[in-house]
Amino acid sequence: MLLTISIAIAGYLLGSISSAIITCKLMGLPDPRTQGSNNPGATNVMRIGGKKAAIITLLGDLLKGLIPVLLVHQFAPGVENLVAAGLGAFLGHLYPIFFRFQGGKGVATAIGVLLATHWTLGGAIVGTWLVMFGVFKISSLSALTAFLLAPLFAAWLLPWQHPTLTIGVAVITVLIFWRHQSNIKNLIKGEES
């Protein structure tokens, strides 16, 4: 139990490193929390700083979800530890202790978590996102659809896993929907960019 708690805390601290804020600072761009959508994520960084800054941010956000889960696979295997590392990193991204708890919406970090948990699960999420984006060209709709299906993918693709994994994925889904409330309202009104 103590190991699992320690893993969750370590994941949270890693997740609290804001790729968007650090990238913007290093590239001489405005703080993404004060520009565009005020969200420190790759999409907003692209609005204020272009593709290069957005790609760096995206990779950083992916890695901070990927690394803690891969480390757990290697050094402390077990479903509870995987979930602790993944949720810790994800919550760190949403509510980073190093940046006044003002974090992003969590999509890239969650994808990193799920890719590291099992490549088929992460691949299903990425594939769904790509198909939706190819059809509708709306990033938020693509993310919401992919994560709405994520718990179903977890239960279907990894049936041998403990239900804790599916519950962890469901928690991520709920939090992603919570963080996308403004996007959901804009989608309903037909005003989402």
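The values are calculated or read from the model by the stated rules, or taken from the named source; none is laboratory data. Quick caveat, the model's predicted, so the values are computed rather than measured. Using ideal geometry, Cβ is built from the backbone for each residue, glycine included, and neighbour counts are taken over all protein chains shown.
Starting from residues that are in contact with a Phe, Trp or Tyr (Cβ under 9 Å, 6 or more places away or on another chain), surrounded by fewer than 24 Cβ atoms within 10 Å (Cβ to Cβ) and not polar (S, T, N, Q), keep the ones in segment 97-110 and report whichever is nearest to Thr145 (Cα to Cα). Before the answer, list the steps.
Just the residues of segment 97-110 that are in contact with a Phe, Trp or Tyr (Cβ under 9 Å, 6 or more places away or on another chain), to begin with: 97, 101-103, 106-107, 109-110.
Applying the additional criterion that residues be surrounded by fewer than 24 Cβ atoms within 10 Å (Cβ to Cβ) yields 97, 101-102.
In the following step, the residues that additionally are not polar (S, T, N, Q) were identified as 97, 101.
Values: Ile97: 29, Phe101: 26 Å.
Checked segment 97-110; the qualifying residue nearest to Thr145 (Cα to Cα) is Phe101.
Out of segment 38-66, which residues are farther than 16 Å from His118 by Cβ and among the hydrophobic types (A, V, I, L, M, F, W, C)? Full working, then the answer.
Narrowing segment 38-66 to residues farther than 16 Å from His118 by Cβ: 38-61, 63-64.
Residues satisfying the conditions are Ala42, Val45, Met46, Ile48, Ala53, Ala54, Ile55, Ile56, Leu58, Leu59, Leu63.
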*Looking at (1) modelled with pLDDT of 95 or more; (2) surrounded by fewer than 24 Cβ atoms within 10 Å (Cβ to Cβ); (3) under 19 Å from Val45 (Cα atoms), which is the only condition Ala143 fails?*
(2)
_Extreme residue, surrounded by the most Cβ atoms within 10 Å (Cβ to Cβ), among residues of segment 1-30 that are assigned to a loop (DSSP other than H, G, I, E, B), of a type in the set (A, V, I, L, M) and over 20 Å from the mean Cα position of the chain (by Cα)_ = Leu29
*Hey, Arg33 part of a loop (DSSP other than H, G, I, E, B), more than 12 Å from the chain's Cα centre (by Cα) and either within 20 Å of Ala146 (Cβ to Cβ) or of a type in the set (Lys, Arg) (or both) or not*: yes
*Of all residues in segment 157-178, count the ones that are surrounded by fewer than 19 Cβ atoms within 10 Å (Cβ to Cβ), of a type outside the set (A, V, I, L, M) and farther than 21 Å from His73 by Cα.*
2
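If you check Leu91, Leu59, Leu70, Leu63, which single one turns out to be buried (at least 20 other Cβ atoms within 10 Å of the Cβ), at pLDDT 95 or above and in a helix (DSSP H, G or I)? Before you say what the answer is, go through the steps one by one.
Numbers: Leu59 fails: buried (at least 20 other Cβ atoms within 10 Å of the Cβ); Leu70 fails: buried (at least 20 other Cβ atoms within 10 Å of the Cβ); Leu63 fails: buried (at least 20 other Cβ atoms within 10 Å of the Cβ).
Checking each option against the conditions leaves just Leu91.
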*Going by the structure shown, is Val113 modelled with pLDDT of 95 or more, assigned to a helix (DSSP H, G or I), surrounded by fewer than 19 Cβ atoms within 10 Å (Cβ to Cβ) and not hydroxyl-bearing (Ser, Thr, Tyr)?*
no
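This table checks each residue for (1) within 24 Å of Ile9 (Cα to Cα); (2) of a type outside the set (Gly, Ala, Ser); (3) out of contact with any Pro (no Cβ under 6 Å at 6 or more places or on another chain).
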position	(1), (2), (3)
Phe99	yes, yes, yes
Gly106	yes, no, yes
Val113	yes, yes, yes
Ala116	yes, no, yes
Val135	no, yes, yes
Trp156	no, yes, yes
Pro159	no, yes, yes
His162	yes, yes, yes
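Keeping to segment 73-83, report how many residues are part of a helix (DSSP H, G or I) and surrounded by fewer than 21 Cβ atoms within 10 Å (Cβ to Cβ). Spell out the reasoning first.
Taking segment 73-83 first, the residues part of a helix (DSSP H, G or I) are 73-75, 79-83.
Narrowing further to those that are surrounded by fewer than 21 Cβ atoms within 10 Å (Cβ to Cβ): 73-75, 79-80.
The number of residues fulfilling the criteria is 5.
Every residue, every condition in (1) at pLDDT below 95; (2) within 24 Å of Ser18 (Cβ to Cβ); (3) in a helix (DSSP H, G or I), yes or no:
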site: Ala85; (1), (2), (3): no, yes, yes
site: Phe98; (1), (2), (3): yes, yes, yes
site: Val135; (1), (2), (3): no, no, yes
site: Leu165; (1), (2), (3): yes, no, yes
site: Gly168; (1), (2), (3): no, yes, yes
_All but one of (1) of a type outside the set (Ser, Thr, Tyr); (2) within 23 Å of His180 (Cβ to Cβ); (3) within 15 Å of the chain's Cα centre (by Cα) hold for Ala53; state the number of the condition that does not hold._
(3)
